[in-house]
Structure formats: structure tokens, C-alpha cells
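Chemist: Sharing a structure below in C-alpha cells format, with a few things to ask.
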Amino acid sequence: RLAAASVGENLVQSISAHVGGKKKSKGMFPTSRGQNREEEVSARFQQAASRVLIVYTIRIGGLAADSLCENLEALSDDAIVVKYPRVETCAALGVVKGAAEKCAGLFGGPSRGGPVEKVDQNEMPSLTNPLYCKSGVQLDVERLFKEKVSVFPETLEEVEFGIFWVSFQALKMTSRALLEYARCCSFSMEGFSQLQLDVELLKHLVEHYIKPDYSSNGKDACMSVKQLLSDALLAAGERCVEEGYADDAEIQRETKQRLHVFLTD
């Protein structure tokens, strides 16, 4: 990015001095229609920077996903004592936080989307979503009409040089990894309660990492991440050893209390 700001200004002079005139330089560095040489070079640097940012973001998302999914198979154990979110979940958030702070220093602006909101135990809509009460064909039909979330950038034009874009991409990859991993594991009753607590923590902190009104490629960023997390919990509910346990009102109440205690402790 520093090179993009300086090279374009001195390009013509450098070519003239070392190649031998503008006539040769035109053949070596053809320009696009409607663009001068400086604009062409700037565009190429922009594309290179976009690719670098994508690779960096994928790396951060992969590191966070590794942390979040570590020891997830242990949630099949009946002897789990659920009290706080897992250390692995907090470590995954720490990876995204570190990247956000670095990007804030590079791109400027705030390093977070907003302060951590207080937990209202009476208003946690994700725990009372009617989608959790559905199964079988009805659930499959609901999934058909849900908006698909693209996890990886499909074009360079989607790349935005800002903290919220990086955090959004990293959290999407992390949530998607949790969804795929949950489909490969079995969960005891207590293990599902633990995962539910972890997912609710992640959902609650989405607006802390991403500005609530931020959208990427026309989609609400926060809602996209929360949708993936909801899908992960649905997948885990289907893999729970006790049928109907995911819809237990008492367990949902306990999850609210545990999250409240964790965030206020």
C-alpha cells in the first residue's frame, strides 16, 4: 500500500531514465483505455493488495476455526460440567481481536464495532427461535428458503480495506467451520448445553467485533454470522443423544443465566 502511493508518481521518470524514452515504455507498460500510466499502476497495486488481504483474512479465519473446534469431540462426554464458555471459544475470539487491532492500526478507525452489550435474560431471541422447534421435512423446507451465506470472497471487487470486513470474513469462516465440525460429532446432553453456551456468547459478541449496521456485498454482516452460528447449533441438536433436549426450556434458561454470569463476572 505504501508502494502504491509512491511508485505511480515516479514511474514515467524512472522508465525514461533507465529504458530510454517514453516510446519503449508504452510497449512495456500498456495502459487501459481511459487510464493514464499512474492510474494503471495504482489499479495493479490495488489488485495485489486485495489478494494479500484475502490470504491474510483466510489465515486468521483458519486459526480462529482451529481454536474454536479444538476438543469439540469431548462434548460427547456425559461428565462435562457446564459453567462458563470453553477456553477454546475465548481463544478463537482472541485471534479475531488481535487481527482487528492490527487492521485498525493499518487502516485507521476504531478497533471494534461497539461496546459489549449487557445481557438481558428476558430477551435472547436466538434461544427461542421457532426454527429450533422444527425437525424433519418442516426443517428442510425452512432451510431451502434461507438466504445462503457465501463464506469466501468470490471476486476482488468484494474486498474492503477496513477492520469490519476482515472481522466479518474471519468470523464467517470460523462459524462455518463450527457448523461442519458439529455435523461430524455426537453431543451428550451436557455437551450440547456447553455448545449452546458457546454459540450464544459468539452471537452476543458479533456486534462487538462488527459494526451493527455494517453490510458487505449488500448483506447484513452481523445477521450472516449469526445465521451460520444458528445452523451450527441446529446441526448439533440433530446429533444430540437425547431427542428433544435442544428445545428444553429449563436448559435455555440455564444458558441465559450462565452467559449473564460470565459476562458480568
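Chemist: Accessible area of residue 239, 1.4 Å probe, to the nearest 10 Å²?
Modeler: 90 Å²
Chemist: Using a 1.4 angstrom probe with every protein chain in place, what is the largest-first accessible-area order of 96, 116? Please report the intermediate quantities before stating the final value.
Modeler: On the way: 96 5, 116 70 Å².
Reading off the accessible areas and sorting them downward yields 116, 96.
Chemist: Something else now. Leaving out ligands, DNA and RNA but keeping every protein chain, what accessible area does residue 215 have, in Å² rounded to the nearest 10, with a 1.4 Å probe?
Modeler: Here the accessible area works out near 60 Å².
Chemist: What list of ³J(HN,Hα) values in whole Hz, one per residue of segment 56-62 in order, does the Karplus curve 6.51 cos²θ - 1.76 cosθ + 1.60 (θ = phi - 60°) give from phi, with Gly and Pro shown as x?
Modeler: With the stated coefficients, segment 56-62 comes to 4, 5, 4, 5, 5, x, x Hz.
Chemist: Residue by residue through segment 101-106, which ³J(HN,Hα) values in whole Hz follow from phi under the Karplus form 6.51 cos²θ - 1.76 cosθ + 1.60 (θ = phi - 60°), with glycine and proline marked x?
Modeler: So the Karplus estimates, Gly and Pro as x, are 5, 5, 5, 5, x, 7 Hz.
Chemist: What order do 66, 77, 198 take when sorted by accessible area (1.4 Å probe), most exposed first?
Modeler: So, going from the largest accessible area down, we get 66, 77, 198.
Chemist: Could I ask something else about it? May I ask which residue of 230, 189, 210 lies farthest towards the positive end of the charge dipole of segment 185-265, with charges of +1 (Lys, Arg) and -1 (Asp, Glu) on Cβ and the Cα centre as origin?
Modeler: 210
Chemist: So what J values fall out for segment 219-225 if you push phi through Karplus, 6.51 cos²θ - 1.76 cosθ + 1.60 with θ = phi - 60°, rounded to Hz, Gly and Pro as x?
Modeler: Each residue's phi maps through the Karplus curve to give 10, 5, 5, 4, 5, 5, 5 Hz.
Chemist: Evaluate the Kirkwood expression for the hydrodynamic radius of segment 29-100, namely the inverse of the mean inverse distance over all pairs of different C-alpha atoms, and round to one decimal in Å.
Modeler: Evaluated on segment 29-100, it is 15.7 Å.
The values are calculated or read from the model by the stated rules, or taken from the named source; none is laboratory data. This one's a predicted model, so the numbers in the text were calculated from it and none came from an experiment. All Cβ positions, even for glycine, are placed from backbone atoms using ideal geometry, and neighbour counts span all protein chains on display. The protein model used for the area step is the full one, side chains on, heavy atoms only, and it has no ligands, DNA or RNA in it. Shrake-Rupley method; radii C 1.70, N 1.55, O 1.52, S 1.80 Å.
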